[in-house]
Amino acid sequence: MKQAKIGMLLLFLAAFSPALAFPAGAMVEEGIFDQVSGRVTVQRVDGGLMPAKVGDLIEGGEIVETGPQSTARILLPDESVLELKENTRIEVNDSRENARGVPSVLLYLGRLWGDITKSEDGDTSFEVVSSSAVAGVRGTVFSAGVGIDGQTRVGVEQGEVEVQGEAGSLVLVKADQETSVDLGAKPKEPSPYQKSEDQWRQWLNSRQPALMARADALPAQIMKNVEGPRQRFEAQAAEMKRLQQSWQAYARSQEKQGRPLQARPAVKREVIRQMRAMFIVAKQLQRADNRMVASYFLVQRLNQDMQAHPDQYRPEFRAKIQETAKKLEAMNLGKIHRQNLYLLDRYSEGLEQAVTKWNLNPELQRRIETARRAGKLREVQRARMQKQLQQER
């Protein structure tokens, strides 16, 4: 009986024993394709590649990539809309890694546009992570782009976006403003937003000359952008283990005292405090992995571009990038990234079990309960289709 009483406190701990050699449990549905034009592919967590189709659900950890003259529109459970422009690659993050269930994407390269539903409390309702920045969107119409040199550009049409660089400083970008962030640098002060399609194309095309202007320093900066986040991930994973042990000790202390397992105020407050601490670390783990794999992708894409257009790059720069690519390949970062995803999935499974058993969605200010996400996405798509049909009549 005593074991049964404490079982609820310990239930989710089993999910914190990651089996990294195998795919983790079912990922969470994060979005649904509403429109697909041209060549758009989805890479699953297990590495499988498939064409995107309207109505397909997108799960956390999956990569969506658009080809030349190709676009995709994705709906989120809160009715937010994302549009991927041509030659764009994103990875859809698992929203269970933060307490409020805020959706986020890793923007590897290219450009996206978003119309994000504002949260009731006015806090961040969507995030874009890149190799050089994190953009916290607060119910906003905005665009974000990443160039071949790793620079991130954020422009805001409505609302505001908080942009943070690797150096840690923040800028608040308001309506009709934009900022940009170089690898390893602080965000530039906001300036008037040049938002036309032509100006976005000019910016993306300008990144290759900008790359050559920073050719001497860029390879070392990319290595730093990989090694730093990788080390932070290891440190945060150790912190998560410490928090798990702290939680386990608390659960066992309740068992030893023979207290009945009830949601008493003091117990629930302690559960919430420890859950919040673990969610913070899980989010930091996700961001560290995002930064690492995004920087690795830049080197891979640069290597491909140099092989296709060797005349556009100086020989000494090509040699440095090729050397950097070899070093990163030796680290087996692709495998590390997959293991990180599996590890984060196991953490999330455990945290979700606790949230559900203790009914913590109100206290954590969850935007949408995880179990309702797939159904909500279908509802959002049906409502949008009905609205379009009415407008066409």
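Every read-out reported here was derived from the displayed coordinates using simple, explicitly stated rules and does not represent laboratory data. Every value quoted in this text rests on a predicted model; they were computed, and no experiment measured them. As a convention, Cβ positions derive from the backbone with ideal geometry for all residues, glycine included, and neighbour counts pool all protein chains shown.
When 273, 89 are sorted by how many other C-beta atoms sit within 10 angstrom of their C-beta, beginning with the fewest, the order is 273, 89. The mean sequence distance of close C-alpha pairs (under 8 Å, at least 6 residues apart), as a share of the length of the chain, puts its relative contact order at 18 percent. Projecting the Cα positions of 344, 285, 272 onto the charge dipole of the range 218-367 (unit charges on Cβ atoms of Lys, Arg, Asp and Glu, taken about the Cα centre) puts 272 furthest along the positive direction. Distance between the modelled labels on residue 191 and residue 336, one decimal in nanometres: 3.5 nm (7 Å Cα→Cβ projection).
Computed over the range 129-260, the Cα gyration tensor eigenvalues convert (square root of 5λ each) into semi-axes of 40, 21, 10 Å, ordered from largest to smallest.
Only DSSP H runs of four or more residues enter the estimate; each adds -39500 (n - 2.57), and after division by the residues of the chain the mean residue ellipticity at 222 nm equals -15500 deg cm²/dmol. For residue 195, a cut-off of 24 angstrom between C-alpha atoms picks up these lysines, skipping any fewer than 8 places away in its own chain: 85, 118, 174, 186. A crude spin-label estimate for the pair residue 172 and residue 158, with each label 7 Å from Cα along the Cβ direction, gives 2.0 nm. Every Cα-Cα pair in the chain was counted, and those over 34 Å apart are 31% of them. When the P(r) is computed for the range 32-183, the part past 24 Å accounts for 27% of the Cα-Cα pairs. The Kirkwood radius of the range 139-188, taken over pairs of alpha-carbon atoms, gives through the Stokes-Einstein law at 10 °C and 1.306 mPa s a diffusion coefficient of 148 µm² s⁻¹.
For residue 326, go through the lysines and keep the ones whose alpha-carbon is under 25 Å away, minus same-chain ones fewer than eight residues off. Output for residue 326: 224, 335.
A Cβ-based charge dipole, computed about the Cα centre of the range 302-391 with Lys and Arg at +1 and Asp and Glu at -1, lands at about 420 debye.
Basic side chains Lys and Arg get +1 at the Cβ, acidic Asp and Glu get -1 at the Cβ, and with that the dipole of the chain about its Cα centre reaches some 1360 debye. For the pair residue 249 and residue 308 in one chain, pulling the backbone fully straight at 0.36 nm per residue adds 15.5 nm over the alpha carbon distance. Per the Debye formula with a single identical scatterer at each Cα and no solvent contribution, what log10 I(q)/I(0) holds for the range 218-367 at q = 0.12, 0.18, 0.21 Å⁻¹? After summing over all Cα pairs, the log10 values are -0.64, -1.02, -1.24.
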